[in-house]
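Reading through the structure tokens given below for one structure.
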Amino acid sequence: MYEYQCVPVRNSDGFMLSKQDFKHREIIPQMAAEGWRFVSAIPTASGPRGDIVSMDLIFERETVDQEAQ
């Protein structure tokens, strides 16, 4: 069985026309160090020109089956 965690991220400067920086390159290795595997990024909001301004990073990890122990 797996458990999942969603980490919401937003463009750090808030401007759609500038370089988007969601800090994902920092978050993904941090989560991996905690045993999570990056699965996907799901856009959750976009600007008027279609630029993604926020998204959820989806992570999973296998749970320990308590009955099997």
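May I ask you to list the residues in the range 20-30 that are assigned to a loop (DSSP other than H, G, I, E, B) and out of contact with any Ser or Thr (no Cβ under 6 Å at 6 or more places or on another chain)? If the condition is that a residue be assigned to a loop (DSSP other than H, G, I, E, B) and out of contact with any Ser or Thr (no Cβ under 6 Å at 6 or more places or on another chain), then Gln20, Phe22, Lys23 are the ones that fit.
I'd like to know if the range 31-46 contains one or more residues that are touching a residue at least 60 places away in the same chain (Cβ under 8 Å) and either acidic (Asp, Glu) or not in a helix (DSSP H, G or I) (or both). No - not one qualifying residue is present in the range 31-46.
Read-outs throughout are calculated quantities, based only on the coordinates presented, and are distinct from any laboratory measurement. Model, not experiment: these values are computed from the prediction. Ideal geometry is used to build each Cβ from the backbone, glycine not excepted, and the neighbour counts take in all protein chains shown.
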